[in-house]
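Chemist: Below is a structure I'd like to ask you about.
The values are calculated or read from the model by the stated rules, or taken from the named source; none is laboratory data. None of these values were measured; they are calculated from a predicted model. Cβ: placed from backbone, ideal geometry, glycine included. Neighbour counts: every protein chain shown.
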Amino acid sequence: MEKLKFPIGPCPETKDPSNQEIQKWIQDIANFPKSVKEITQNLTVEELNWKYRPEGWTLKQVVHHCADSHLNSLIRFKLTLTENKPTIKPYLEDKWAELADALDDDVSTSIALLTALHKKWVFLLKSLSTEQLQMQFVHPEHGKQFSLLQIIEVYAWHCNHHLAHIKNAIISKGKYN
């Protein structure tokens, strides 16, 4: 069950990453919308409603979640770059995944949002200086501070993590519904 929940393993915490590692993370973020579009574009409504694991989200909820999550992340980056260690606003992702827009069988709007959002986000990420990468925000749920560099790694992982979920839902052919 753990392999289904975390198909690529838990989120890593790289200490002192190389510039090459950072660039790979940014590239993973850049490639994500295209990968999601390619893997979902020919799926039927029935397939979009397959789950990637028992008691997990449907494939469509995963796509809609990524749009919500990544939008929140971009806002957190901008807050961090313009304020002194802001405390970010967490959100209840499980409850968001039950809202009408997250249950919509048409994922094209979330894919379009991801496409535009990631273009803007990656442009910003590529512009960050070494000093800006060290800027931090406070996450009240975790009770600690995170640097923007750490969050780039988290979201590169998040992209690959959810791509694996989508692939697992397709491979299992709705076995977990």
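Chemist: Among the residues in region 9-30, are any hydroxyl-bearing (Ser, Thr, Tyr) and closer than 26 Å to Phe137 by Cβ?
Modeler: Taking region 9-30 first, the residues hydroxyl-bearing (Ser, Thr, Tyr) are 14, 18.
Applying the additional criterion that residues be closer than 26 Å to Phe137 by Cβ yields 14, 18.
The answer is yes; a qualifying residue exists.
Chemist: Being over 30 Å from Gln41 (Cα atoms) and of a type in the set (A, V, I, L, M, F, W, C): is that true of Leu117 here? Write out each step before concluding.
Modeler: Working: over 30 Å from Gln41 (Cα atoms): no; of a type in the set (A, V, I, L, M, F, W, C): yes.
Judged against the criteria, Leu117 is not a match.
Chemist: Kindly evaluate Leu43 against the criterion of being touching a strand residue (DSSP E or B) at 6+ places or on another chain (Cβ under 8 Å) and crowded, with 17+ Cβ neighbours inside 10 Å.
Modeler: Values: touching a strand residue (DSSP E or B) at 6+ places or on another chain (Cβ under 8 Å): no; crowded, with 17+ Cβ neighbours inside 10 Å: yes.
Criteria not met by Leu43.
Chemist: Out of (1) farther than 22 Å from Thr115 by Cα; (2) not in a helix (DSSP H, G or I), what's the single condition that is false for Asn42?
Modeler: Of the numbered conditions (1) farther than 22 Å from Thr115 by Cα; (2) not in a helix (DSSP H, G or I), the odd one out for Asn42 is (1).
Chemist: Please give the number of the condition Lys85 fails out of (1) at pLDDT below 95; (2) on the phi > 0 side of the Ramachandran plot.
Modeler: Only one criterion is unmet by Lys85, namely (1).
Chemist: Just give me the residues in region 129-139 being under 20 Å from the mean Cα position of the chain (by Cα) and within 11 Å of Phe77 (Cβ to Cβ), in sequence order.
Modeler: We begin by selecting, within region 129-139, every residue under 20 Å from the mean Cα position of the chain (by Cα); these are 133, 136-139.
Leu133, Phe137, listed by residue number.
Chemist: When you scan region 79-88, do you find a residue that is among the β-branched types (Val, Ile, Thr), without any contact (Cβ under 8 Å) to a residue 12 or more places away in the chain and either more than 15 Å from Val107 (Cα to Cα) or in contact with a Lys or Arg (Cβ under 8 Å, 6 or more places away or on another chain) (or both), even just one? Don't jump to the end; show me each part of the working.
Modeler: Initially, region 79-88 is screened for residues among the β-branched types (Val, Ile, Thr), giving 80, 82, 87-88.
So of that shortlist, the ones also without any contact (Cβ under 8 Å) to a residue 12 or more places away in the chain come out as 82.
With either more than 15 Å from Val107 (Cα to Cα) or in contact with a Lys or Arg (Cβ under 8 Å, 6 or more places away or on another chain) (or both) added as a condition, the list becomes 82.
Checked against the condition, which is being among the β-branched types (Val, Ile, Thr), without any contact (Cβ under 8 Å) to a residue 12 or more places away in the chain and either more than 15 Å from Val107 (Cα to Cα) or in contact with a Lys or Arg (Cβ under 8 Å, 6 or more places away or on another chain) (or both), region 79-88 yields at least one hit.
Chemist: Would you confirm, using the coordinates I've provided, whether Lys15 is closer than 21 Å to Leu117 by Cβ and either surrounded by fewer than 16 Cβ atoms within 10 Å (Cβ to Cβ) or under 18 Å from the mean Cα position of the chain (by Cα) (or both)? First the steps, then the outcome.
Modeler: Working: closer than 21 Å to Leu117 by Cβ: no; either surrounded by fewer than 16 Cβ atoms within 10 Å (Cβ to Cβ) or under 18 Å from the mean Cα position of the chain (by Cα) (or both): yes.
For Lys15, the condition - closer than 21 Å to Leu117 by Cβ and either surrounded by fewer than 16 Cβ atoms within 10 Å (Cβ to Cβ) or under 18 Å from the mean Cα position of the chain (by Cα) (or both) - is not met.
Chemist: For Lys51, indicate whether it is crowded, with 19+ Cβ neighbours inside 10 Å, touching a residue at least 40 places away in the same chain (Cβ under 8 Å) and more than 17 Å from the chain's Cα centre (by Cα). Let's see the steps before the verdict.
Modeler: Details: crowded, with 19+ Cβ neighbours inside 10 Å: yes; touching a residue at least 40 places away in the same chain (Cβ under 8 Å): yes; more than 17 Å from the chain's Cα centre (by Cα): yes.
Spelling it out, Lys51 is indeed crowded, with 19+ Cβ neighbours inside 10 Å, touching a residue at least 40 places away in the same chain (Cβ under 8 Å) and more than 17 Å from the chain's Cα centre (by Cα).
Chemist: Regarding region 71-87, can at least one residue be identified that is surrounded by fewer than 18 Cβ atoms within 10 Å (Cβ to Cβ), among the β-branched types (Val, Ile, Thr) and either over 26 Å from Ser147 (Cβ atoms) or in contact with a Cys (Cβ under 6 Å, 6 or more places away or on another chain) (or both)?
Modeler: For region 71-87, residues surrounded by fewer than 18 Cβ atoms within 10 Å (Cβ to Cβ), among the β-branched types (Val, Ile, Thr) and either over 26 Å from Ser147 (Cβ atoms) or in contact with a Cys (Cβ under 6 Å, 6 or more places away or on another chain) (or both): absent.
Chemist: Which one of these is surrounded by fewer than 20 Cβ atoms within 10 Å (Cβ to Cβ) and farther than 17 Å from Pro12 by Cβ: Ser129, Ser110, Ser147? Before the answer, list the steps.
Modeler: Numbers: Ser110 fails: surrounded by fewer than 20 Cβ atoms within 10 Å (Cβ to Cβ); Ser147 fails: farther than 17 Å from Pro12 by Cβ.
Checking each option against the conditions leaves just Ser129.
Chemist: Being modelled with pLDDT of 95 or more, under 21 Å from Leu149 (Cα atoms) and among the charged types (D, E, K, R) narrows it down to one residue among Asp101, Asp28, Asp106; which is it? If you could, list the steps in order and put the result at the bottom.
Modeler: Working: Asp101 fails: under 21 Å from Leu149 (Cα atoms); Asp106 fails: under 21 Å from Leu149 (Cα atoms).
From the options Asp101, Asp28, Asp106, the qualifying one is Asp28.
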